[in-house]
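See below for the structure under consideration.
Every read-out reported here was derived from the displayed coordinates using simple, explicitly stated rules and does not represent laboratory data. Everything numeric here is computed off the predicted structure, so don't read it as measured data. Using ideal geometry, Cβ is built from the backbone for each residue, glycine included, and neighbour counts are taken over all protein chains shown.
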Amino acid sequence: MKISTKGRYGLRALVDLAVYSQGEPTALAMVAARQKISLNYLEQVFGQLRKAGLVRSIKGPSGGYLLAKPAKDITVKEILEVLEGPFSIVGEDLDRSSLDAMQLAIKSLVWDEIDARINEFMEKRTLEHLVNEYRSYQDSQDMMYYI
């Protein structure tokens, strides 16, 4: 399965929101501008994230979006499943009753194992991990001296 633009942009936008909101509502237009993502497209993505309870919106002139829970409690898996659906390397649910012994062996030992490891990896990575990694990259770039 290939992660679509929706998943990639949604993940970037949530990292941006976590980094720059600092507990205050952030206008989606600001996130869109910083990330160079279409505001209309981002509104659709955030509609899904809001319905799933990952972000909340505040209406009004000083409104915007906030994370609905701490960044440490939002996993990459949770975000991508909201935007992309459940992860499966083969991209389809195989009906076990229609598979022969070879197909069952491959499904069990390869496809199911890959799915399990990737899902486990995505469950261990949180939005907080991404924010911290972003900040460390940003700090190392700030330390660069150009002559």
- Query: Excluding TYR41 itself, what net charge comes from residues whose Cβ is under 13 Å from its Cβ, given Lys and Arg +1 and Asp and Glu -1?
  - Reply: +3
- With Cβ to Cβ distances under 12 Å as the rule, what net charge do the other residues near ARG56 carry (K, R +1; D, E -1)? +4
- Message: Let me check against my output: what whole-number percent is the relative contact order of the chain, with C-alpha pairs under 8 Å and at least 6 apart?
- Response: 28 percent
- Note on the structure: re the chain: pairs of Cα atoms spaced beyond 25 Å account for a percent value of 40 percent
- Scan around VAL55 for amide H atoms under 5 Å from its own, H built in the peptide plane at 1.01 Å from N, and keep only partners 5 or more places away or cross-chain. ARG50, ALA68
- Message: With θ taken as phi - 60° and the coefficients 6.51, -1.76 and 1.60, list the Karplus ³J(HN,Hα) couplings across the stretch 59-67 in order, rounded to whole Hz; mark glycine and proline as x.
- Response: 8, x, x, 9, x, x, 10, 9, 5
- Message: Once you keep just the Cα pairs under 8 angstrom separated by 6 or more residues, what percentage relative contact order results for the stretch 1-54?
- Response: 35 percent
- Item | Net charge, VAL31 excluded, C-beta distance under 12 Å - Lys, Arg +1, Asp, Glu -1 | +1
- Task: For GLN44 and SER140, calculate 0.36 nm times their separation in residues minus their Cα-Cα distance, and state this gained length in nm to one decimal.
- Result: 31.2 nm
